[in-house]
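What follows is one structure encoded as structure tokens, with my remarks underneath.
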Amino acid sequence: MASVATAVNERRHGLRVGGGGQRFGAGAVLRPGQAVVLVNISRGGALVDSGARMRPGARTELLLCGSDTRVKVQGRVDRCHVARLDPVRYHGVIVFDEGVDIGIGTEGSE
């Protein structure tokens, strides 16, 4: 049987690092106080895991914390989907209004 090759269009523009990368911890807070876990982060946005649904299009603020830094990042929820059913967990994408220094070179990132 012949294998089927499919082309995948890569939509990501920036380099992503797992969790909070080198600069931030994996835990973060999404305004107004919702604890989230950073799945990955880039200079332009973050994929977060949460027990609560996030409304696409909603303006928000993400508080990122590291061992020696706290950064509040303004942005909007781009999309949200159910990632797991038992217990229910959601993955949401937060697009930042301005680029964030994530502790690695900015080469190849947006």
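Being over 13 Å from the mean Cα position of the chain (by Cα) and of a type in the set (Ser, Thr, Tyr): is that true of residue 60 here? Here the answer is no, as residue 60 does not meet what is asked. Residue 64 passes every criterion in (1) exposed (fewer than 13 other Cβ atoms within 10 Å of the Cβ); (2) in contact (Cβ under 8 Å) with a residue 24 or more places away in the chain; (3) assigned to a strand (DSSP E or B) apart from (1). If I filter the range 42-51 for residues that are over 19 Å from residue 88 (Cβ atoms), touching a Phe, Trp or Tyr at 6+ places or on another chain (Cβ under 6 Å) and touching a residue at least 40 places away in the same chain (Cβ under 8 Å), do I get at least one hit? Within the range 42-51, one or more residues are over 19 Å from residue 88 (Cβ atoms), touching a Phe, Trp or Tyr at 6+ places or on another chain (Cβ under 6 Å) and touching a residue at least 40 places away in the same chain (Cβ under 8 Å).
Of 17, 82, 100, all but one fail to be at pLDDT 95 or above and hydrophobic (A, V, I, L, M, F, W, C); the exception is 82.
Restricting attention to the range 68-79, the residues that are closer than 18 Å to residue 27 by Cα and free of Cβ contacts under 8 Å to residues at least 40 places away in the same chain total 7. Being within 20 Å of residue 17 (Cβ to Cβ), assigned to a loop (DSSP other than H, G, I, E, B) and touching a residue at least 12 places away in the same chain (Cβ under 8 Å): is that true of residue 55 here? Criteria not met by residue 55. Given the criteria touching a strand residue (DSSP E or B) at 6+ places or on another chain (Cβ under 9 Å), assigned to a loop (DSSP other than H, G, I, E, B) and surrounded by 11 or more Cβ atoms within 10 Å (Cβ to Cβ), does residue 104 qualify? Taking the combined requirement at face value, the residue satisfies it.
Every residue, every condition in (1) within 17 Å of residue 102 (Cα to Cα); (2) among the hydroxyl-bearing types (Ser, Thr, Tyr); (3) within 11 Å of the chain's Cα centre (by Cα), yes or no:
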site: 31; (1), (2), (3): no, no, no
site: 39; (1), (2), (3): yes, no, yes
site: 45; (1), (2), (3): yes, no, yes
site: 78; (1), (2), (3): no, no, yes
site: 83; (1), (2), (3): no, no, no
site: 86; (1), (2), (3): no, no, no
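The values are calculated or read from the model by the stated rules, or taken from the named source; none is laboratory data. Computed from a predicted structure; not experimentally measured. Heads up, the Cβs are rebuilt from the backbone with ideal geometry, glycines too, and the neighbour counts pull from every protein chain shown.
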